[in-house]
Structure formats: structure tokens, C-alpha cells
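The structure under discussion appears below in the form of C-alpha cells.
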Amino acid sequence: MHDGDPVSEHEAARISASALTQFAAAVLAWAGLRPEDAAVSAEILVTSDLFAIESHGVARLGYYLSLIEAGVIDLTARPVIERETPSTATIDAGNGFGPPAAHFAMAACVAKAKENGVAFVTVRDSNHFGIAGYYAMMAVAEGLAGLAATNGGPQAVPTNGRITMLGTNPLAVGIPAGQERPFLLDMATSQVSWGKIELARRAGESIPPGWALDAEARPTTDPWAADLLLPLGSDAAGGGHKGYGLASLVDILCGPFAGSAFGQHVAGMRSRRQGAARIGHFFAAWRPDAFRPMEEFRADVDTLLAELRATPPAPGHDRVYVAGEREFLAEDERRRHGIPLHSALLAELRAIAARASIPLELA
């Protein structure tokens, strides 16, 4: 499941998903993206907000604008397939904007999987692509299973380490069901994403133990002192070596397999290396009916998900959820009542709106 939580007492306003998407697309087009690239990027950002993953939603607009204004992203680049077989492809993003390149790659992956049963596509020399779950759900929408992963600038330490060597390196898997909603696992391989630290800073709240270390590699609950993220599982006693291993696997898939940068050689948010990010992505899609009849598969997934949700809850908990359920419930609520904006984020968006002379309509 994701590591984002909906805003509550810090909520300043609500805005419809359509209005927020239009605003984000207009801002990105103003910044220089082609209209079609701005549109798909805005949709991916707002999907994150609909899923209550605020760390990767429109809160990223300012960061994206800073990269564009610094000239470290080539807005004229178009993804190019450089190496291809019937079921694989290697795509060069040319240091272009991440979401359009990733969308192009997953669409190619889906098309190949439909034709051949399974497909794998890598992307090199890209940039931050938003939430991995969006791309996994592109496959699910076509009746396929999908996987998406990306590396990023180093923010997390290896287990027992004291300097950052790996990104938060998220991965997502989407599986279609029948009557149940899809299975959607979307997770960082660090204990949390850096966006959670930013949200805590914005809210003026402490962070739980086990999330991060300070610059001297000492445990901290102060988000302003947090400097080094811990791998999923936290320290060695908590199983942090498992998260460290998963993060390394994602880096291998997105770096060496894609021919892109990896580990400490990736630039990005809080990275020691400057210049083009050279982020890599990895996508997979496969047809369940390549293995067995589709209806039988869907029925079994339905049974598993329903049985998991029916697990008796432990004391102090009201129920058991399955991966993706909280995201879909948040999406339902936010499509009905609007996306909540934190007061600090609303101020940031209004500042962007003023710079771009683009109205921010809270409708």
C-alpha cells in the first residue's frame, strides 16, 4: 500500500479533480511542455492526489518547474525505441519529461503483451515519473497484469550505512480482478518516500521513529533534522535488509537493464550529483489468459481478496484492507467531494498561478 495519508485538520480548501487537472496542465504548458505532454503529466499528478498520495501529486509542480527553469530537462525530447524484439523494448527518453516518456513506454509494453502474452520495456535517461501505480493501472485497464518501477537520486542508506546510495526506488504491481476492485500494490522500497518528510515539515509534525536518520546517521523524529531515509523495514533488527535488497533489485532493473544511471550516479532531488537525472524505468505487462482461462483467474483473485478483507481484525483495528483498497476509497471520496489542499500547498499553488497568470479555480 502507499505511504501517503489524506490531509485533515490542515485542509484549507477542496478542488475538483477536473479543475486541478486543468490547472496543472495549463501550468506545465506555460512552462514549455507540448500540450499533449502537459495533459498526460497533469493527469498522472492528479491521480496521485485522488489516491491520497499527496507527496507525488500537484505538490510536485514547484519541483518540476524548478527543474525546467534550471534547464536540466529537455522539453523538446521525444522517447525513441532504440532496441526491440516482439516482447521487449529499450526506450531512450532523451532526458525528456518523465511522465510522458513513462506513459509512452507502458503503452508500448501493453501493446506487446496483448500480442505476445508478456512484455518488458525499459526506459533510460528519463526523469521523475510520478506514482508508479498509475502505470501498473494502465495495464489493468486493458485486462492485463502490470508492473512499473523506477530508480531515483540517492535518498536512502543501505542497511548499516551512513550515506545515501539508493533512491526510494518504488515499484507497483496491478492485477485485474472480477467483481472485486483490482489488486494494486504501490510502494517505496525505503521506509517512506521523501515526500512524507516534506508533508511532516509542512504540517509541523514529528515523524515516527524508524523513518530517517539525521546527517550524522543518528535516528531522529524531527523532520527538519531528517537527512537519510532508511530502507523498508528500517534497521537490520526490523528487517531493513529486505527493503535494501528490494531497492537494489529495482536499481538493477532500471539502471543496468535499461542502460541508465544507477545508485549514487543518478541525479535528482537531494542528490550529490548535478545535471541530467538519467533516471531509469522498468515496465512489465502480461496476459492472465496466457496461463489459464481469464474468468477462472478473475474468480480466484476475487476469492483471495474477499477472504483477506474478511480476516478478523486485531484489537484496536476496525478491519483488514487489501493492497489498493485505501487508494480506491480515497479516489471515490475525492471525486465526490473534491481534492483537499493543505494550506501551505494552496499558498504554493497560488504563487505559481500568479507567476503564470493562470487562474486557480477552487471548484
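Here are a few things to note about the model shown:
- Here is the figure for the range 269-291: residues that are at positive phi and touching a helix residue (DSSP H, G or I) at 6+ places or on another chain (Cβ under 9 Å) total 2.
For (1) touching a residue at least 12 places away in the same chain (Cβ under 8 Å); (2) more than 16 Å from the chain's Cα centre (by Cα), each residue gets a yes or a no:
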residue: Thr90; (1), (2): yes, yes
residue: Phe97; (1), (2): yes, no
residue: Ala111; (1), (2): no, yes
residue: Arg124; (1), (2): yes, yes
residue: Gly130; (1), (2): yes, no
residue: Ala149; (1), (2): yes, no
residue: Pro170; (1), (2): yes, no
residue: Gly174; (1), (2): yes, no
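- Some residue of the range 218-225 being of a type in the set (A, V, I, L, M), at pLDDT 95 or above, under 28 Å from Glu69 (Cβ atoms) and part of a loop (DSSP other than H, G, I, E, B): no
- Helices (runs of 4 or more DSSP H) completely within the range 34-150 that count 2 or more residues being more than 23 Å from Leu185 (Cα to Cα), in the same structural domain as Ala354 (by TED's automatic domain parsing) and modelled with pLDDT of 95 or more: 35-50, 61-70
- Test: residue in the range 331-345 that is in a helix (DSSP H, G or I), in contact with a helix residue (DSSP H, G or I) (Cβ under 7 Å, 6 or more places away or on another chain), within 20 Å of Met187 (Cα to Cα) and not assigned by TED's automatic domain parsing to the domain that holds Ala17: yes
- Residues being of a type in the set (Gly, Ala, Ser), part of a loop (DSSP other than H, G, I, E, B) and under 17 Å from Tyr244 (Cα atoms) - total across the range 151-179: 4
- Positions within the range 293-329 being out of contact with any Asp or Glu (no Cβ under 9 Å at 6 or more places or on another chain), hydrophobic (A, V, I, L, M, F, W, C) and touching a residue at least 40 places away in the same chain (Cβ under 8 Å), in sequence order: Met294, Ala299, Phe328
- Looking across the range 348-363, the residues that are surrounded by fewer than 18 Cβ atoms within 10 Å (Cβ to Cβ) and in contact with a strand residue (DSSP E or B) (Cβ under 8 Å, 6 or more places away or on another chain) come down to Glu361, Leu362, Ala363.
- Taking the criterion of being in a helix (DSSP H, G or I) and either more than 26 Å from Asp289 (Cβ to Cβ) or in contact with a helix residue (DSSP H, G or I) (Cβ under 7 Å, 6 or more places away or on another chain) (or both), the only residue of the range 299-326 that qualifies is Arg326.
Residue-wise test of (1) buried (at least 21 other Cβ atoms within 10 Å of the Cβ); (2) over 16 Å from the mean Cα position of the chain (by Cα).
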| site | (1), (2) |
| --- | --- |
| Glu142 | no, yes |
| Ala177 | yes, yes |
| Gln191 | yes, no |
| Trp224 | no, yes |
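- Residue within the range 279-290 that is among the basic types (Lys, Arg) and in the same structural domain as Asn169 (by TED's automatic domain parsing) present: yes
- All positions within the range 197-216 that are under 21 Å from Gly161 (Cα atoms) and surrounded by 14 or more Cβ atoms within 10 Å (Cβ to Cβ): Ile197, Ile207, Gly210, Trp211, Ala212, Leu213, Asp214
- Just one of the listed residues (Ala306, Ala276, Ala290) is exposed (fewer than 15 other Cβ atoms within 10 Å of the Cβ), closer than 30 Å to Ile81 by Cα and of a type in the set (A, V, I, L, M), namely Ala290.
The values are calculated or read from the model by the stated rules, or taken from the named source; none is laboratory data. This structure is a prediction, so every number in the text was calculated from the model and none was measured. Cβ sites come from the backbone with ideal geometry, for glycine too, and all protein chains shown count toward neighbours.
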